Amino acid sequence: MIAERKKAVDRFWRIYFWITIIFWVIIIEAAITDKKLWPETWTTYFKSIATGFYIAATIGLFGYTYRKNIFSSFFWKIFFSVWLFWEIYASAFLMPPEPDKDTLACWIGLILFIPLYISNFLYAFKYKR
């Protein structure tokens, strides 16, 4: 029973990893075709920081999913802490809620990113190297 559960969990992370890659391909395509992806108040500087964090988080997801040692445990602990601080800061101060916007997209985004946060936390603090 435990082996079956472990296989199911491994399968979930692999499927989630590839969904994330497909999501990034769609995002890159939208950015190339000049669709508005970011809040209008964000400068190129903030967009670059957010993109860098998400690329690194996806690398962490890959390392966790496929049990690869990428960088050190110390790096991932610092990265996760700084990334979490950035996410809270950006959500609170850089992307103020707009009541007239559709909140469904925000909820879908949050639901899609929760496993990314979880995988990076587990990779930083629980993964045995």
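Just so it is clear, none of the values below were taken in a lab; they were calculated from the coordinates. Just so we're clear, the structure is a prediction, and the values are computed from it rather than from any experiment. Here Cβ is always computed from backbone atoms with ideal geometry, including for glycine, and neighbour counts include all displayed protein chains.
Among 121-128, 6-13, what's the highest-first ranking by average C-beta atoms within 10 angstrom per residue? Could the numbers behind the result be given before it?
On the way: 121-128: 15.4, 6-13: 11.5.
In descending order of packing, they fall as 121-128, 6-13.
Which entries of LYS7/LYS77; LYS77/LYS128; LYS6/LYS128; LYS68/LYS126 show an alpha-carbon separation above 18 angstrom in the structure shown?
On the way: LYS7/LYS77 26 Å; LYS77/LYS128 13 Å; LYS6/LYS128 16 Å; LYS68/LYS126 14 Å.
Result: LYS7/LYS77 exceed 18 Å.
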